[in-house]
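This report refers to the structure that appears directly beneath it.
Only the coordinates and a few stated rules stand behind these numbers; no lab work does. Owing to the predicted nature of the structure, the values given are computational and were not obtained by experimental measurement. Using ideal geometry, Cβ is built from the backbone for each residue, glycine included, and neighbour counts are taken over all protein chains shown.
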Amino acid sequence: MRTITGLSMVFLLLFSLWFNHWLFAGTFLLITILGLWEFYSLFAATKIQPQKIYGTVCGCILYLLLFLSNHKIFDLPSRTWYYLPVFAALVMFFLSVIIEIYRKKSRPFENIAITTTGLLYVALPLALLNQLYLPDSAYFFGFPAYLLGYFIITWVYDTGAYLYGKPFGKHKFFERISPKKTWEGTIAGTVVAGLTAFCLSLLVPGIPLTDWLMLALLVVIFGTFGDLSESLFKRSLNIKDSGNILPGHGGILDRFDTVFISAPFVFLYFVIRNI
């Protein structure tokens, strides 16, 4: 079941990536909604009660604003598109504070903090993936090369670390948070990610090797922190999986934990590189 679910997710993602940016955006909007609802539901067994509906709606708005700003669907000045998501995020935060006044819950600080964290941890990284789906970027067999390469490197890093680390891993990487993660698996995943980056540089001549190697480095470093952060959250709440929507994989947060931390840094790299 785990294999079937994993292959189905890969097929859906690749098809949306190949078809057009609208389908890709719609697919990840759905993932954003499910991910936010799942994130807020993690605290159901605690006294913390985040604003689930409001946070999910705000996440969708933030996602759509970033998508529209990237593709400039409406004829607005570039500066307006730049500031609009930032302005919206500020309004969302202060409205969350106002809403909490009327909810009469026992832990308002935690409720506001978790509601806001959901937007930053789930909605923002998934929305930034659309910023890498550029109409004038390099393409590879009909796929936007940067995004395809990002997902491929992420998959091979995770897969390589798991396949090698499970039978051969002996030295714990971060036992306090993730007892099953080992240095052997992490190193194997890093090597595979680097080799994949090199192969991509040969297959996509429009993108230099340095970009692919930086992409692999960012995935290895911050993807690992994404995995550890998800384990930290679950361990602090004493749960095994974030959800059960994906048979054999747990929940949305379990499946995309590597993306949540690495995607913003990949986005920042390309922004800085293009300055």
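Quick one: what are the phi-derived ³J(HN,Hα) couplings along the range 12-24, Karplus 6.51/-1.76/1.60 with θ = phi - 60°, whole Hz, x for glycine and proline?
4, 5, 5, 5, 5, 5, 7, 5, 5, 5, 5, 5, 4
Using only the alpha carbons of the range 138-194, determine the length spanned along each of the three principal axes and report them from longest to shortest in whole angstroms.
Result for the range 138-194: principal-axis Cα extents of 42, 20, 13 Å.
With an 8 Å Cα cut-off and a minimum separation of 6 or more residues, compute the relative contact order for the chain in percent. Write out the running numbers ahead of the final one.
Numbers: 348 pairs, mean separation 56.5, N = 275.
So the answer I get is 21 percent.
Using alpha-carbon pairs under 8 Å, 6+ residues apart, how would you state the relative contact order of the range 126-275 in percent? Before the final figure, lay out each step's value.
On the way: 193 pairs, mean separation 33.3, N = 150.
Value for the range 126-275: 22 percent.
State the three equivalent ellipsoid semi-axes of the range 136-275, derived from the C-alpha gyration tensor as the square roots of 5 times its eigenvalues, in descending order and whole Å.
Details: eigenvalues 155, 57, 37 Å².
After scaling each eigenvalue by five and taking roots: 28, 17, 14 Å.
Using a 10 Å cut-off around each Cβ, can you sort Trp37, Trp212, Trp183 from fewest to most neighbouring Cβ atoms?
On the way: Trp37 20, Trp212 25, Trp183 14.
Starting with the residue having the fewest Cβ neighbours, the order is Trp183, Trp37, Trp212.
When the helix-only estimate is applied to the chain (DSSP H runs of n ≥ 4, each -39,500 (n - 2.57), divided by the residue count), what is the mean residue ellipticity at 222 nm, nearest 500 deg cm²/dmol? Could the numbers behind the result be given before it?
Working: 11 runs with 196 residues, N = 275.
The helix contribution divided over the chain gives -24000 deg cm²/dmol.
Using amide H atoms built 1.01 Å from N in the peptide plane, name the residues 5+ places from Phe140, or on other chains, whose amide H lies under 5 Å from its own.
Amide H to amide H, under 5 Å and 5 or more residues apart or across chains, Phe140 pairs with Ala145.
Please report Rg (one decimal) and Dmax (integer) in Å for the Cα set of the chain.
19.1, 59
Work out from phi, with θ = phi - 60° and the Karplus expression 6.51 cos²θ - 1.76 cosθ + 1.60, the ³J(HN,Hα) of each residue of the range 212-226, listed in order in whole Hz, and give x for Gly and Pro.
Those phi angles translate into 5, 5, 5, 4, 5, 4, 5, 5, 5, 6, 7, x, 5, 5, x Hz.
How big, in percent, is the set of alpha carbon pairs in the range 105-203 lying more than 19 Å apart? The partial results should precede the final answer.
Working: 3004 of 4851 pairs.
The proportion of pairs with Cα distances above 19 Å equals 62 percent.
Starting from the Cα gyration tensor of the range 1-133, take the square roots of the eigenvalues, sort them a ≥ b ≥ c, and report rounded, prolate or oblate (rounded when a/c is under 1.5, otherwise prolate if a/b is larger than b/c, else oblate).
Oblate.
Read phi for every residue in the range 119-129 and hand back ³J(HN,Hα) as whole Hz from Karplus 6.51 cos²θ - 1.76 cosθ + 1.60, θ = phi - 60°, with x for Gly and Pro.
The phi angles translate into 5, 6, 7, 10, 5, 4, x, 5, 5, 5, 4 Hz.
Where Lys and Arg each count +1 and Asp and Glu each count -1, what net charge lies around Ala44 among other residues with Cβ under 12 Å from its Cβ?
Values: positive: Lys47, Lys52; negative: Glu38.
Local charge sum for Ala44: +1.
Counting only residues 5 or more places away or on other chains, whose amide H sits under 5 Å from the amide H of Thr182 once H atoms are built in the peptide plane?
Placed amide hydrogens put Phe173 under 5 Å from Thr182.
Taking 18 Å as the cut-off for C-alpha to C-alpha distance, list the pairs among Lys105/Lys240; Lys47/Lys180; Lys180/Lys240 that go past it. Display every interim value, and only then the final one.
Working: Lys105/Lys240 27 Å; Lys47/Lys180 30 Å; Lys180/Lys240 13 Å.
Pairs exceeding 18 Å: Lys105/Lys240; Lys47/Lys180.
Defining a contact as two alpha carbons under 8 Å apart and six or more residues distant in sequence, what relative contact order in percent does the range 122-196 show? Provide the component values of the computation, followed by the final result.
Numbers: 79 pairs, mean separation 19.0, N = 75.
Over the range 122-196, the number comes to 25 percent.
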